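For reference, the structure discussed in these notes is given below.
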Amino acid sequence: MKQKAFYIGLTLIAISFISCVISFYLLVFGIPAFLVGAILIFLSSQHIKMKFLTTLIPLVLYIPSTFLFLYAYNYSTPKTILIPKNFEGNLRVVYQENCGRNYDKTDGIKTLTFPDNGILVLNEDFDSHINYNYYLVDELGNRTKISQILDFNDRIKKLPCVLVGGSGTFFQSIEANSKNNQEKEIVFSDFYLYNTSIDDRNDFNNRQKLDSLTTVIVNQCRKNNGSH
């Protein structure tokens, strides 16, 4: 019975370790499972050294394992984002549109090339990663690399720069044909380019304008593609 307690405890510790590495949100379940597993292991008939090794090794490995997982998940090969040199303001990527374009490839690197209106429609799955290299591109194709910021206040010292925005889904009435309108989802992620100014123009009114422009562009894209 005590030997069985060891294997049950070992299983609980393994499950809790993997769960907590994969997601911080699972800590609320993983920690109690780990504690129960540790108790069962110490109640087992295993040698005291084995008991300590079984419970301490996951604790020691948790932080480095979590960093390695995040590195593999979020920091794969960065994609390239190309932005017109004189652009400033909201950038939006629309995903999962059959009428959209696929990633370009530059030296084997997936590349997102924004049009002058700042809205890029892709026939690609939604990408939750934020690992990009950003470039401003002039008329001759010359690139100037710019920084990505995660803190709004950093725009003051890193101009020009790109601020990572929100992502999600909204529904709009999309004109499938002249006789039939239907509600279809638009999946997107947003960025904001501070080019020559640090003024924040990403307010509610501009967001509404961006959503309206996105709807028009996606509507036209779907019509051209014969999407129903």
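The values are calculated or read from the model by the stated rules, or taken from the named source; none is laboratory data. The structure displayed is predicted, hence computed values, not measured ones. Cβ: placed from backbone, ideal geometry, glycine included. Neighbour counts: every protein chain shown. Quick note on the areas: whole protein, heavy atoms, side chains included, nothing else; ligands and nucleic acids left out. Shrake-Rupley method; radii C 1.70, N 1.55, O 1.52, S 1.80 Å.
Answer yes or no as to whether Cys20 is assigned to a helix (DSSP H, G or I), open to solvent by less than 50 Å² (accessible area, probe 1.4 Å) and within 30 Å of Gly166 (Cβ to Cβ). Break it down into steps so the answer makes sense when it comes.
Working: assigned to a helix (DSSP H, G or I): yes; open to solvent by less than 50 Å² (accessible area, probe 1.4 Å): yes; within 30 Å of Gly166 (Cβ to Cβ): yes.
The answer is yes for Cys20.
Of these, Asn102, Asn133, Asn98, which one is open to solvent by less than 60 Å² (accessible area, probe 1.4 Å) and either within 15 Å of the chain's Cα centre (by Cα) or touching a residue at least 12 places away in the same chain (Cβ under 8 Å) (or both)?
On the way: Asn102 fails: open to solvent by less than 60 Å² (accessible area, probe 1.4 Å); Asn98 fails: open to solvent by less than 60 Å² (accessible area, probe 1.4 Å).
Answer to the check: Asn133.
Just to check your reading of the model, which residue among Asp138, Asp211 is under 15 Å from Leu91 (Cβ atoms), at pLDDT 80 or above and of a type outside the set (Gly, Ala, Ser)?
On the way: Asp138 fails: under 15 Å from Leu91 (Cβ atoms).
Exactly one of Asp138, Asp211 is under 15 Å from Leu91 (Cβ atoms), at pLDDT 80 or above and of a type outside the set (Gly, Ala, Ser), namely Asp211.
Against the conditions (1) touching a strand residue (DSSP E or B) at 6+ places or on another chain (Cβ under 9 Å); (2) over 23 Å from Lys105 (Cβ atoms); (3) surrounded by 11 or more Cβ atoms within 10 Å (Cβ to Cβ); (4) modelled with pLDDT under 85, where does Asn177 fall short? Just the number, please.
All conditions are met except number (1).
One residue is enough: does segment 59-80 have a residue meeting the conditions within 30 Å of Phe170 (Cβ to Cβ), aromatic (Phe, Trp, Tyr), free of Cβ contacts under 8 Å to residues at least 60 places away in the same chain and outside any helix (DSSP H, G or I)?
Looking for residues that are within 30 Å of Phe170 (Cβ to Cβ), aromatic (Phe, Trp, Tyr), free of Cβ contacts under 8 Å to residues at least 60 places away in the same chain and outside any helix (DSSP H, G or I), one finds at least one in segment 59-80, hence yes.
Among the numbered criteria (1) of a type outside the set (Val, Ile, Thr); (2) modelled with pLDDT under 95; (3) touching a helix residue (DSSP H, G or I) at 6+ places or on another chain (Cβ under 8 Å); (4) closer than 24 Å to Asn225 by Cα, which one does Arg92 miss?
Here Arg92 meets the rest and fails (2).
Can you tell me which residue is most open to solvent (accessible area, probe 1.4 Å) among those in segment 150-163 that are modelled with pLDDT under 85 and under 20 Å from the mean Cα position of the chain (by Cα)?
Filtering first and then ranking leaves Leu150.
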